[in-house]
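*Asks:* Take a look at the following structure, please.
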């Protein structure tokens, strides 16, 4: 049976529900809750979050849980893992997509799939890349940064306008070690490539009056090689939009939407078993390609194959490290958190847990159920006649 974890978030004060799939003896009956706390109304005084499991239904012989996120009870959610064919764009072969919508449709969270682009300033190589793009390969575009992508994506893909586009300095700082690692690999293989990552936030407005926040991460890998025949230097690049998250909302719902955006992203957890299986497949695929038994990726020549191998290794390592940061509850989106205070860290046992910000007290029952409240007189041990509730202490993120 699929197991859901319910997280209780009171808006002013709250009542308690049970964890689906848990031992019934460890849960407080709903009737008892209603009898003891008739003043606490779900949806008004507290919010229930359930852990939604997203599946990979394409990559293996049976559906496998790939990742999970906390989703408010009653909200619609859909998504999972998308796989492309081995002959299509290699940078987009595996990617996640998620859409979460409030019951009234006025708040919509979307995590976009990965997008990859290629470019070269040598006409023949560019022509070959364009032919590959027409057959399902990576799209063609000159290198760009996160700010430029926000402006173009809002205008072209969303039919909206971007403003207040600003650099996510903390995000770029966290990405710097991955860039340095990729550049060290490049120096080791002598490919002459350099990788840089940029991250940015932007406010989005639509003609119908809706507003939104777009968070984007872009990595550019640029290689410059001397051409012995012409004496000039050839430049070719690979650009990957590895992180693109949009929260769209009615303007009057902005405080709630920004808080939920932080909660959705901080609650993301990858399944390590799925990650290991995916990495194993991609490694085997690379070995087959280099043995010549499958179609080579779009770049031509011995130098191009060496470049593609180093960039594939570096890009895959960066993506795995990014997912590992999510799974270990690292200090992601620090600047965003400090700006709108959507989550806070609490000590629990030998570890910590991130819960929604803006509440004075937090309790844990030790079974994955939490209560947050701003009511100074609220005590779940007294309200629910259950001594298993423990008051949590705040901790540094």
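Coordinate-derived values only; no laboratory data. Values in this document were obtained by computation on a predicted structure and should not be read as measured data. All Cβ positions, glycine included, derive from the backbone under ideal geometry; neighbour counts span all protein chains shown.
*Asks:* How large is the translational diffusion coefficient of region 128-186 in µm² per second when you combine the Kirkwood radius over alpha carbon pairs with Stokes-Einstein at 10 °C and 1.306 mPa s?
*Replies:* Details: Rh = 14.3 Å.
In µm²/s, the coefficient is 111.
*Asks:* Please give the contour-minus-distance gain from residue 173 to residue 121: 0.36 nm per residue of separation, less the Cα-Cα distance, rounded to one decimal in nm. Don't skip to the end; give the middle numbers.
*Replies:* Details: separation 52, 0.36 × 52 = 18.72 nm, distance 3.00 nm.
Roughly 15.7 nm would be gained on extension.
*Asks:* Scaled to the compact-protein estimate 2.2 N^0.38 Å, what is the alpha-carbon radius of gyration of region 181-284, rounded to two decimal places? Kindly include the intermediate steps, with their values, before the conclusion.
*Replies:* Working: Rg = 20.3 Å, N = 104, 2.2 N^0.38 = 12.8 Å.
Region 181-284 yields a ratio of 1.58.
*Asks:* Defining a contact as two alpha carbons under 8 Å apart and six or more residues distant in sequence, what relative contact order in percent does region 128-221 show? Spell out each step's value before the answer.
*Replies:* Numbers: 140 pairs, mean separation 29.2, N = 94.
Result for region 128-221 is 31 percent.
*Asks:* For residue 206 and residue 61, FRET efficiency with R0 = 51 Å and r from the beta-carbon atoms, rounded to 0.05?
*Replies:* Values: r = 42 Å, r/R0 = 0.83.
Taking R0 as 51 Å, the efficiency between residue 61 and residue 206 is 0.75.
*Asks:* List 230, 205 from most exposed to least, where exposure is judged by having the fewest other Cβ atoms within 10 Å.
*Replies:* Details: 230 9, 205 15.
Least crowded to most crowded, the residues run 230, 205.
*Asks:* Still on this structure, please answer the following. Using per-residue counts of other Cβ atoms within 10 Å, averaged over each peptide, order 77-85, 240-248 from highest down. Could you put the intermediate results ahead of the total?
*Replies:* On the way: 77-85: 16.1, 240-248: 21.4.
The most tightly packed comes first, giving 240-248, 77-85.
*Asks:* Report the gain in length on full extension from residue 374 to residue 73: 0.36 nm times residue separation, minus Cα-Cα distance, nm rounded to one decimal. Each step should come with its number before you reach the end.
*Replies:* Details: separation 301, 0.36 × 301 = 108.36 nm, distance 2.08 nm.
Stretched out fully, the residue 374 to residue 73 stretch lengthens by 106.3 nm.
*Asks:* With a/c under 1.5 counting as rounded, go ahead and sort region 349-397 into rounded, prolate or oblate using the C-alpha gyration tensor (a ≥ b ≥ c being the square roots of the eigenvalues; past the cut-off, prolate if a/b is larger than b/c, else oblate).
*Replies:* Numbers: a/c = 2.28, a/b = 1.27, b/c = 1.79.
Oblate, since a/c reaches 1.5 and b/c is not below a/b.
*Asks:* Which FRET efficiency value, to the nearest 0.05, is calculated for residue 233 and residue 140 with the Förster distance at 22 angstrom and r the Cβ-Cβ distance?
*Replies:* According to the calculation, E is roughly 0.65.
*Asks:* Then there is this: Rounded, prolate or oblate: which fits region 48-158, taking a ≥ b ≥ c as square roots of the Cα gyration tensor eigenvalues, rounded meaning a/c under 1.5, else prolate when a/b beats b/c?
*Replies:* Details: a/c = 3.62, a/b = 1.66, b/c = 2.17.
Cα axes put region 48-158 in the oblate bin.
*Asks:* At a Förster distance of 30 Å, what's the computed FRET efficiency of residue 41 paired with residue 157, Cβ-Cβ distance as r, to 0.05?
*Replies:* Details: r = 40 Å, r/R0 = 1.32.
So the FRET efficiency works out to roughly 0.15.
*Asks:* Starting from the Cα-Cα distance between residue 97 and residue 184, subtract it from 0.36 nm times their residue separation and give me the gain in nm to one decimal. Numbers along the way, then the final one.
*Replies:* Values: separation 87, 0.36 × 87 = 31.32 nm, distance 3.11 nm.
Full extension of this stretch gives 28.2 nm more.
*Asks:* Take residue 387 and residue 352, extend 7 Å from each Cα along the Cα→Cβ direction, and tell me the distance between the two endpoints in nm.
*Replies:* 3.1 nm
*Asks:* Modelled label-to-label distance, residue 367 and residue 130, 7 Å Cα→beta-carbon offset: nm?
*Replies:* Going from the residue 367 label point to the residue 130 one covers 6.4 nm.
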